[in-house]
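Everything on this sheet refers to the single structure shown next.
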Amino acid sequence: MPALAEVPATEKQTRLIALLFAGFVLTGVPTVIMGPILPVFISRFALNDAQAGLFFTVQFATSLAGVWLNTALSSWRGYRPGLVVGYILTGAGLSFLNAPTHGLALAATSAYGLGYGFTSPSTNLTAAEVGGKNSAGLISLLNFAWGIGAVACSPLIMLAVRHRHLSTLLVMLAACAWTLAAAFLFVKFPAEIHAEKSETPANMPAGVPGTAFRLATTSPASVDELLRPGTAGTAAMPVPAEPAKAAVWR
């Protein structure tokens, strides 16, 4: 039965890079979403300045905590868990952000803030590993992708509030985050691709043994003997030594 063709490593990395870019476009939205959505919260919950400013404190404090937690997680399990956990938390925070109570809105803010702390360093470090010599340019393009989401956030929130579709918009963004989390479970990361390449000689089929190995290790003169019909295997056989002649005394 013929073996299934493997996906080239370059195509695997292209898929990973595409997911990183899509994730950073999405990440730009919750990073700045508190600015355009805060007037809604002030009106709904009758917040004073200190209570309104607490949202920013919670967001960036939990982001810092997420970076610390992700540092330990990535050193233990690599970059994939940080991306998966980060986008799950981002989706959870966005889905509950348009909350009916002040406390639930703060909890949602802490969730997507924590998610940003997981996704941002994992994305940048993965891009640096994939990019190799071009890692600086790749990371710059990723930051540009983040800027697209950040710039688009304010008009999206304005249109959603004007047409009373804020909850719908937030749920759609949450669904995108959860889709990314699922996609990162199946894409190959650079460390896994390198491990597969290093294991390729060990996975050689059992039916390709002797002749290929001996062709690679014998001299050119012996190769001709190995390939000559009826003599395969004889080139490596030792030649028996001639018996020693008895000494003749005159």
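The values are calculated or read from the model by the stated rules, or taken from the named source; none is laboratory data. Worth saying up front: this structure is predicted, and the values here are computed from it rather than measured. All Cβ positions, glycine included, derive from the backbone under ideal geometry; neighbour counts span all protein chains shown.
Summary table below
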read-out: Qualifying position, being free of Cβ contacts under 8 Å to residues at least 12 places away in the same chain and among the aromatic types (F, W, Y), among F118, F96, F144; value: F144
read-out: Hits in the stretch 89-105 (condition: buried (at least 19 other Cβ atoms within 10 Å of the Cβ) and in a helix (DSSP H, G or I)); value: L89, T90, G91, A92, G93, L94, S95, A105
read-out: Residue within the stretch 153-175 that is surrounded by 13 or more Cβ atoms within 10 Å (Cβ to Cβ), at pLDDT 95 or above, small (G, A, S) and within 20 Å of the chain's Cα centre (by Cα) present; value: yes
read-out: Which listed residue is more than 16 Å from the chain's Cα centre (by Cα), closer than 30 Å to D49 by Cβ and among the small types (G, A, S), from A111, A136; value: A111
read-out: The listed residue being surrounded by fewer than 22 Cβ atoms within 10 Å (Cβ to Cβ), over 23 Å from F186 (Cβ atoms) and free of Cβ contacts under 8 Å to residues at least 40 places away in the same chain, out of A72, A128, A65, A150; value: A72
